[in-house]
Amino acid sequence: MGTADIIDGKAFAAGLRERIGSAVTELKAKYGEVPGLAVVLVGEDPASQVYVRNKGKQTLESGMASFEHKLDASTSEESLLKLIAELNADRAVDGILVQLPLPAHIDSQKVLDAIDPEKDVDGFHVVNAGRLATGGDALVPCTPLGCLLLLRDRLGDLSGKHAVVVGRSNIVGKPMAALLLRESCTVTVTHSRTADLPGECRRADILVAAVGRPEMVKGDWIKPGATVIDVGINRVDAPEKGDGKTKLVGDVDFASASKVAGAITPVPGGVGPMTIACLLRNTVEAACRRRGWAMPEL
Ligand code: NAP
Ligand code: L37
């Protein structure tokens with residue numbers, strides 16, 4: 001047992017944003033316009049406010065246009081659908097992201113499915129989910145895409161590897177499994193009803209944890225040398241930092257896992273920054289497809 005390499009998602013994301021910035025400059029010189037991203041936030045979820053602020057900031061830093069729409073928590077489904085129709089029709093808008101979770105009185109999938117699939121940079125529209133599942137040209141959800149870019153960078157060809165995904169949400173687990181299958185991994189998807197979760201995890205060459213349970217995956221669930229991607233973002237009390245202080249931890253128990261794994265992503269600084277970089281990447285891709293521009297190498 002050794003010490004795992006740390007997969008530096010923050011640095012990888014910074015490099016990707018750099019390449020996206022150059023691509024945007026190139027597109028502007030060639031075509032005279034830049035891609036535009038509209039981000040819609042409903043309500044005041046504190047984590048969502050932070051993410052949306054960072055998304056807007058990084059969109060501008062990459063040279064693209066950012067349109068932020070902040071709506072009151074009491075906004076009706078009808079007025080949200082009306083805003084989406086306007087953004088669908090706006091030719092300056094190449095990407096539309098509605099930050100989840102939405103307030104309980106709004107039907108999220110109905111809202112997501114109202115977005116023009118060609119502008120669906122989150123890849124949550126049923127058409128994009130269907131394209132991903134059937135091998136089509138999908139816009140791919142940002143978080144799983146970020147995980148895949150880190151895995152490819154670390155491992156190269158993924159074919160034949162046994163990948164275990166913990167979690168089956170539409171946002172992370174399912175699209176992650178579809179992407180790994182597309183890479184010719186042998187994929188096991190686990191969830192809250194899985195009979196022997198530690199046993200399933202121990203078979204993984206690649207382990208992706210997207211559960212939302214702080215530090216649930218322990219070191220003795222991990223095959224020695226495996227590559228571990230921790231998607232979890234959990235804010236927990238940190239009395240060791242002082243009264244009332246909190247900290248972020250993943251779904252993997254980093255202390256024990258990093259003694260067994262070959263490589264592991266930290267939290268923070270792992271998958272989180274990749275999510276936003278991939279959103280920018282998807283916005284460039286959506287703009288190029290929609291406007292008939294040549295997609296720059298990223
Ligand atoms: P979610 O919708 O709550 O899904 C959680 C999944 O984990 C479900 O499939 C659930 O199984 C499964 N699960 C829950 N408890 C379990 C247990 N004890 N054993 C096995 N499986 C269990 O969550 P999500 O949206 O996929 O997010 C997962 C985590 O990733 C969260 O910590 C979230 O904050 C984080 N996240 C991070 C990013 C990023 O950019 N880094 C982006 C999105 C989400 P069932 O289906 O059986 O209920
Ligand atoms: N695309 N992403 C999209 N659409 C949504 O509807 N909810 C949601 C979504 N999720 C999301 O934006 N997640 C996310 C999670 C973490 C980060 C960014 C986005 C992130 O930057 N995490 C940092 C720490 C940030 C902090 O200190 O809170 C990290 O290093 O992990």
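The values are calculated or read from the model by the stated rules, or taken from the named source; none is laboratory data. All values reported here derive from a predicted model rather than from experimental measurement. Every residue, glycine among them, receives a Cβ derived from its backbone with ideal geometry; neighbour counts consider all protein chains shown. Accessible surface is based on the protein model in full, side chains and every heavy atom, while ligands, DNA and RNA are left aside. Shrake-Rupley method; radii C 1.70, N 1.55, O 1.52, S 1.80 Å.
The residues of the range 84-130 that are surrounded by fewer than 23 Cβ atoms within 10 Å (Cβ to Cβ), more than 17 Å from Ser66 (Cα to Cα) and polar (S, T, N, Q), listed by number, are Ser108, Gln109. Applying the criterion of being of a type outside the set (Gly, Ala, Ser), open to solvent by less than 10 Å² (accessible area, probe 1.4 Å) and touching a Phe, Trp or Tyr at 6+ places or on another chain (Cβ under 9 Å) to the residues of the range 140-155, the residue that is farthest from Gly56 (Cα to Cα) is Leu150. All conditions but one from (1) in a loop (DSSP other than H, G, I, E, B); (2) buried (at least 21 other Cβ atoms within 10 Å of the Cβ); (3) within 13 Å of ligand 2 (Cβ to nearest atom) apply to Ala261; the one that does not is (3). Out of (1) open to solvent by less than 30 Å² (accessible area, probe 1.4 Å); (2) farther than 30 Å from Trp221 by Cα; (3) of a type in the set (A, V, I, L, M); (4) away from ligand 2 (no atom under 12 Å from the Cβ), the odd one out for Leu279 is which? Of the numbered conditions (1) open to solvent by less than 30 Å² (accessible area, probe 1.4 Å); (2) farther than 30 Å from Trp221 by Cα; (3) of a type in the set (A, V, I, L, M); (4) away from ligand 2 (no atom under 12 Å from the Cβ), the odd one out for Leu279 is (4).
Is one or more of the residues making up the range 166-173 in a helix (DSSP H, G or I), of a type in the set (Gly, Ala, Ser), open to solvent by less than 30 Å² (accessible area, probe 1.4 Å) and in contact with a Ser or Thr (Cβ under 7 Å, 6 or more places away or on another chain)? Even if it seems obvious, please write down each step before you answer.
Applying the first criterion (in a helix (DSSP H, G or I)) to the range 166-173 yields 173.
Right, trim to of a type in the set (Gly, Ala, Ser) and you get 173.
Now restrict to residues that are open to solvent by less than 30 Å² (accessible area, probe 1.4 Å): 173.
From the residues that got through so far, the ones that are in contact with a Ser or Thr (Cβ under 7 Å, 6 or more places away or on another chain) too are none.
Checked the range 166-173: no residue is in a helix (DSSP H, G or I), of a type in the set (Gly, Ala, Ser), open to solvent by less than 30 Å² (accessible area, probe 1.4 Å) and in contact with a Ser or Thr (Cβ under 7 Å, 6 or more places away or on another chain).
For the range 282-298, name all the residues that are at negative phi and open to solvent by 20 Å² or more (accessible area, probe 1.4 Å). Write out each step before concluding.
Residues of the range 282-298 that are at negative phi, as a first pass: 282-291, 293-298.
Once the filter is applied, which keeps residues that are at negative phi and open to solvent by 20 Å² or more (accessible area, probe 1.4 Å), the range 282-298 yields Glu285, Arg289, Arg290, Arg291, Trp293, Ala294, Met295, Glu297, Leu298.
Please determine whether any residue of the range 57-67 is more than 16 Å from ligand 1 (Cβ to nearest atom), touching a strand residue (DSSP E or B) at 6+ places or on another chain (Cβ under 6 Å) and over 25 Å from Leu16 (Cβ atoms). The answer is no, given that none of the residues of the range 57-67 is more than 16 Å from ligand 1 (Cβ to nearest atom), touching a strand residue (DSSP E or B) at 6+ places or on another chain (Cβ under 6 Å) and over 25 Å from Leu16 (Cβ atoms).
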